[in-house]
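> This is the structure I want to talk about, given as structure tokens.
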Amino acid sequence: GDGEEGIESSLSKKLSSPKSQKLFDIIISKQSNLCLSADCETWQELISIGEVVGSKICAMKTHVDALSFQDPNEIALFKRKLAELASEHNFVIIEDRKFADIGSTVMKQLTAAPFSISEWAHFVTVHSIPGPGMLKAFKEKDKGVILIAEMSSVGNLPSILPDYKKKTLEMVEESGNEDIVVGFVSQSRVGSSLGGKGGGGSATCFLQFTPGVSLHSTGDALGQQYVTVRNAILERDADVIIVGRGILQQGREKWVEAAEQYRKEGWEALKEKLQL
Ligand code: 6AU
């Protein structure tokens, strides 16, 4: 509607690709920059939570190889139901596969049965370690790429190594792959900010996806570190917050309530940051 267009045109920055623009449009129209990290034990549970919180999220992130399936028929059913949910509730599916190999191998991992990731995921996460050649595989399959520039866990090498983040950005720009790179998983800004601070008005911007967000915890026993929703968006410059256990661990009866809390806080902070 008119309201949405008003908000979009008030964004003076240009997004990297039609794919990031599509996600941004969903964020504006659903007033949600919440990506649910649906790290469930079974595919049935993942579909249940999608049904319950689908209206509150702009994206759902999966780890398909961490879900229990009894047989290939269940995988086929899962893929169909997930695609139906995404189209019914208008959210993007991100498979968090963290590809990290040469293009030829990545291509097989992206397409091979039974998961056939390229059939149902809109975006996939990818490590920058192998260099720009592998990006062609994702371009060929028309998948949006979210590159890992920095991680949330204690001692992660991307955060420690000098210039890792900068080189990850340069890799995209110098290889001319802006059009398939939707953004970065990061704990701080990579390139120009979509928000008021930093970056020129006409610069191309990537979306920043920030995991390690919780309103209930500061970390786990295996190295995860959390910041609050407002901290992630206003201090670290996240555009999309990725939340898993912060919602999932509230229990089935509280999934909606918890998702609504993260959506509301996230949206308020995003409006503040972007001065919408
Ligand atoms: O909210 P949590 O801690 O339950 O889940 C966080 C989710 C998990 C991780 O695999 C993922 O976010 N993640 C990533 C991603 C998205 O690539 C990067 C990172 O640095 N930290 C992180 O937790 O599914």
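> What's the number of the only condition in (1) without any contact (Cβ under 8 Å) to a residue 12 or more places away in the chain; (2) open to solvent by less than 10 Å² (accessible area, probe 1.4 Å); (3) among the acidic types (Asp, Glu) that residue 95 fails to meet?
Looking at each condition in turn, residue 95 falls short on (1).
> Okay, next question. State yes or no: is residue 151 of a type outside the set (Lys, Arg), open to solvent by 10 Å² or more (accessible area, probe 1.4 Å) and in a helix (DSSP H, G or I)?
Details: of a type outside the set (Lys, Arg): yes; open to solvent by 10 Å² or more (accessible area, probe 1.4 Å): yes; in a helix (DSSP H, G or I): no.
When the stated conditions are applied, residue 151 does not pass them.
> Let me ask something additional. Under 8 Å by Cβ, and 6 or more places apart or on different chains, what pairs join a residue from the range 35-55 that is closer than 16 Å to residue 77 by Cβ with one that is more than 13 Å from the ligand (Cβ to nearest atom) and assigned to a loop (DSSP other than H, G, I, E, B)?
Once the first residue is closer than 16 Å to residue 77 by Cβ and sits in the range 35-55, its partners that are more than 13 Å from the ligand (Cβ to nearest atom) and assigned to a loop (DSSP other than H, G, I, E, B) give 43/69.
> Moving to a separate point now. Confirm whether residue 61 is within 18 Å of residue 20 (Cα to Cα) and part of a helix (DSSP H, G or I).
Details: within 18 Å of residue 20 (Cα to Cα): yes; part of a helix (DSSP H, G or I): no.
Spelling it out, it is not the case that residue 61 is within 18 Å of residue 20 (Cα to Cα) and part of a helix (DSSP H, G or I).
> Working only within the range 116-129, note down all residues that are out of contact with any helix residue (DSSP H, G or I) (no Cβ under 6 Å at 6 or more places or on another chain) and open to solvent by less than 50 Å² (accessible area, probe 1.4 Å).
Residues of the range 116-129 that are out of contact with any helix residue (DSSP H, G or I) (no Cβ under 6 Å at 6 or more places or on another chain), as a first pass: 116, 119, 121-127, 129.
116, 121, 123, 124, 125, 126, 127, listed by residue number.
The values are calculated or read from the model by the stated rules, or taken from the named source; none is laboratory data. From a predicted model like this one, the values you see are computed outputs, not experimental measurements. Note that we place each Cβ from the backbone using ideal geometry, even for glycine, and neighbour counts take in every protein chain shown. When the accessible area is computed, the model is the full protein with side chains, heavy atoms only, and any ligands, DNA or RNA have been set aside. Shrake-Rupley method; radii C 1.70, N 1.55, O 1.52, S 1.80 Å.
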